[in-house]
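Beneath this line is the structure, given in structure tokens, with notes to follow.
Only the coordinates and a few stated rules stand behind these numbers; no lab work does. This structure is a prediction, so every number in the text was calculated from the model and none was measured. All Cβ positions, even for glycine, are placed from backbone atoms using ideal geometry, and neighbour counts span all protein chains on display.
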Amino acid sequence: LGQLIAMRYGSIPVVRETGGLKDTVIQFDRSDPDKGNGFLFYEYNAHEMMYAVKRALSVYENLREWRQLVYTAMKSDFSWTRSAGEYKQLYERLQKKK
């Protein structure tokens, strides 16, 4: 939940790729800057975490990229309306396969 609140207010999460964090934080990628909303690391160790922090800092140093990242994070939609719509589409696809 903390990462969702952070993104809503323009803070960029740097998180371990696990559980709900993995489901809500999308790795920022310079080749597709409109999709990412944070930075992830998988292995539970200081080296991997530091590497993720360094990636975040390199984006922070580029004002245009950072602003795009903050904008994307702030507009991330994790509402129940969106989630319910996705479930509805899934159920409809499954019914058609019967």
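About its Cα centre, the dipole of segment 2-96 is roughly 240 debye, where the only charges are +1 on Lys and Arg Cβ and -1 on Asp and Glu Cβ.
Within the straight-line cut-off of under 16 Å between alpha carbons, the aspartates and glutamates reachable from K96 are E86, sequence neighbours fewer than 8 places apart in one chain being disregarded. Note that segment 24-30 has calculated 3J(HN,Hα) couplings of 10, 9, 9, 4, 5, 9, 4 Hz, one per residue in order, obtained from phi through the Karplus relation 6.51 cos²θ - 1.76 cosθ + 1.60 (θ = phi - 60°); glycine and proline are x. Taking amide H positions as modeled 1.01 Å from N, with prolines and chain starts lacking one, the residues under 5 Å from G36 and 5 or more places away or on another chain are D29.
For R16, the residues whose modelled amide H falls within less than 5 Å of its own, excluding neighbours fewer than 5 places apart on the same chain, are F41. Normalising the Debye intensity of the chain to I(0), with uniform scatterers on Cα atoms only, and taking log10 at q = 0.10, 0.19, 0.22 Å⁻¹ returns -0.33, -0.90, -1.10.
For the chain, take the longest principal axis of its alpha carbons; what is the angle in degrees between that and the long axis of helix 46-60, to the nearest 10 within 0 to 90? So the inclination is approximately 90 degrees. Straight-line cross-link partners of K54 among the lysines, defined as a Cα under 22 Å from its Cα and at least 8 positions apart when in the same chain: K22, K35. The long axis of helix 63-74 is offset from the longest Cα principal axis of the chain by roughly 30 degrees. Listed by chain and number, the lysines whose C-alpha is less than 20 Å from the C-alpha of K98, apart from same-chain residues fewer than 8 away, are K88. Using R0 = 22 Å, the C-beta based FRET efficiency linking V53 and S79 works out to 0.15.
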